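To keep things clear, I will list the structure first and then write my remarks on it.
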Amino acid sequence: MPLPRLVATDLDGTLLRSDLTISPFTGRVLRELEDHAVHVLFVTARPPRWMDPLADAVGRHGSAICLNGGMVYDFETGGASEVRGFSEPDFVEIVADLRAALPRIAFASERPTGAVFDPHFHTDKSYGSESFFAPVETALDAPVGKLLARHPGLKDEEFFKIIDDIVGSRAHLAYSGAHGLAELSPPGVTKAAALANWASKHGITPSEVWAFGDMPNDIPMLKWAGVGIAVSNAHPDAKAAADHQTLSNDEDGVAVALERVVERLRVG
């Protein structure tokens, strides 16, 4: 395989171990790639408020793609750029249509300034100091990069189908592995689209990119990259979309694959 100029990797279930850490081995490999002028870019469904613990592992460019492509996060400033959010009319309409069809549905909206949770939205994750509880359609003072939805009485497959049927082309429905959680992005907003934009700005072509992932929301990115690699614990659809497979996230599969790149770079 050709050597990459850019390595784009998902985080949860892919680069991070199950305890949500980056192993010393993985950290060393990522640093060596950067030392040899290979960019390492995190491309994740995570919101900005979950990114700071990974600051030590980010590349010299200091940024990451968050919210399934909804924004680029800058670790140094804590700010967001290239935010691609829903239009206000579309967002209000989508929320209203889903509430009418599924009265028990609960939403959360992810914004550059923090998250907004419906009062009955359950989450055990950190809220962040800028987050608050309110009906999501009442908090539109900042663009919404991603809309999350839960329903307590429906299985994932049924829930996602209902949402897809109602929303149609007004949003992109993605699944990143969290049970019972539907993730909606504005039309055309995917990890692949944001990655393509980032790569283009740095003069990098798809053929010069290796991408790693584990879930259906990674599939467009795995297909877009010159080399798409799934970890062995990946969703079957992600494995089918990938060109190659590596070890699991808990076995440092991404770093194992990239160590071979480092070895080739050392030789020159």
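The values are calculated or read from the model by the stated rules, or taken from the named source; none is laboratory data. Bear in mind that the values here come from a model prediction, so they are computed numbers and not experimental data. Using ideal geometry, Cβ is built from the backbone for each residue, glycine included, and neighbour counts are taken over all protein chains shown. When the accessible area is computed, the model is the full protein with side chains, heavy atoms only, and any ligands, DNA or RNA have been set aside. Shrake-Rupley method; radii C 1.70, N 1.55, O 1.52, S 1.80 Å.
Taking the square root of 5 times each eigenvalue of the Cα gyration tensor, what semi-axes in Å does the equivalent ellipsoid of segment 173-224 have, largest first? It would help to have the intermediate numbers written out before the result.
Values: eigenvalues 106, 32, 9 Å².
Ellipsoid semi-axes (Å, largest first): 23, 13, 7.
Quick one: accessible surface of His235, probe radius 1.4 Å, all protein chains present, in square angstrom to the nearest 10.
50 Å²
Can you tell me the relative contact order of segment 1-154? Whole percent, Cα pairs under 8 Å, sequence separation 6 or more. Numbers along the way, then the final one.
Values: 243 pairs, mean separation 26.8, N = 154.
Computed over segment 1-154, the figure is 17 percent.
Before I look further, what does segment 170-209 give for accessible area per residue, probe 1.4 Å, in whole square angstrom?
Working: 1460 Å² over 40 residues.
Accessible area per residue, segment 170-209: 36 Å².
Tell me, what does the Kirkwood hydrodynamic radius of the chain come to in angstroms if you use every pair of distinct C-alpha atoms? Working shown, then result.
On the way: mean 1/r = 0.0531 Å⁻¹.
Radius from the Kirkwood sum: 18.8 Å.
At 222 nm, what helix-only mean residue ellipticity would the chain give, in deg cm²/dmol to the nearest 500, using -39500 (n - 2.57) for each DSSP H run of four or more? Intermediate values should be presented prior to the final figure.
Details: 7 runs with 76 residues, N = 268.
After summing the helix terms and dividing by the residues of the chain, the value is -8500 deg cm²/dmol.
Report relative contact order for the chain in percent, whole number only (criteria: Cα-Cα under 8 Å, sequence separation at least 6).
On the way: 543 pairs, mean separation 56.0, N = 268.
Answer for the chain is 21 percent.
Would you please report the Å³ per residue occupied by the convex hull of the alpha carbon atoms in segment 1-127? Could the numbers behind the result be given before it?
Working: hull volume 19.0 nm³, N = 127.
Output value, Cα hull per residue: 150 Å³.
Would you kindly give the portion of the calculated P(r) for segment 49-96 that falls above 14 Å, as a percent of all Cα pairs? Intermediate values should be presented prior to the final figure.
On the way: 626 of 1128 pairs.
When all Cα pairs of segment 49-96 are counted, 55 percent exceed 14 Å.
Which one, Ala171, Phe42, Val209, is farthest towards the positive end of the dipole of the chain when Lys and Arg carry +1 and Asp and Glu -1 on their Cβ?
Val209
Beyond 26 Å, what share of the Cα-Cα pairs of segment 76-230 remains, rounded to the nearest whole percent? Walk me through the numbers before you get to the answer.
On the way: 3608 of 11935 pairs.
Value for segment 76-230: 30 percent of Cα pairs lie more than 26 Å apart.
Any chance you could look up the accessible area of Asp74 with a 1.4 Å probe, heavy atoms only, rounded to 10 Å²?
Around 50 Å² of this residue is reachable by solvent.
Under a 1.4 angstrom probe, counting protein chains only, how are Glu34, Glu251, Glu183 ranked by accessible area, largest first?
Glu251, Glu34, Glu183
For segment 151-268, what does the equivalent ellipsoid look like in terms of its semi-axes, each the square root of 5 times an eigenvalue of the Cα gyration tensor, given largest first in whole Å?
Ellipsoid half-lengths, sorted descending, are 30, 19, 9 Å.
First compute the accessible area of segment 128-210 with a 1.4 Å probe, then give the percent of it belonging to carbon and sulfur atoms. Walk me through the numbers on the way to the answer.
On the way: 2090 of 3770 Å².
The C+S portion of the solvent-accessible surface of segment 128-210 is 55 percent.
Calculate the all-directions average of the projected area of segment 5-74's alpha-carbon convex hull, and give it in nm².
4.3 nm²
What does the accessible area of Arg264 come to, in Å² to the nearest 10, when a probe of 1.4 Å is used?
110 Å²
Return the Rg/Rh ratio of segment 70-123 with Cα-based radii and a Kirkwood Rh. Display every interim value, and only then the final one.
Numbers: Rg = 13.8 Å, Rh = 13.0 Å.
Over the Cα atoms of segment 70-123, Rg/Rh equals 1.06.
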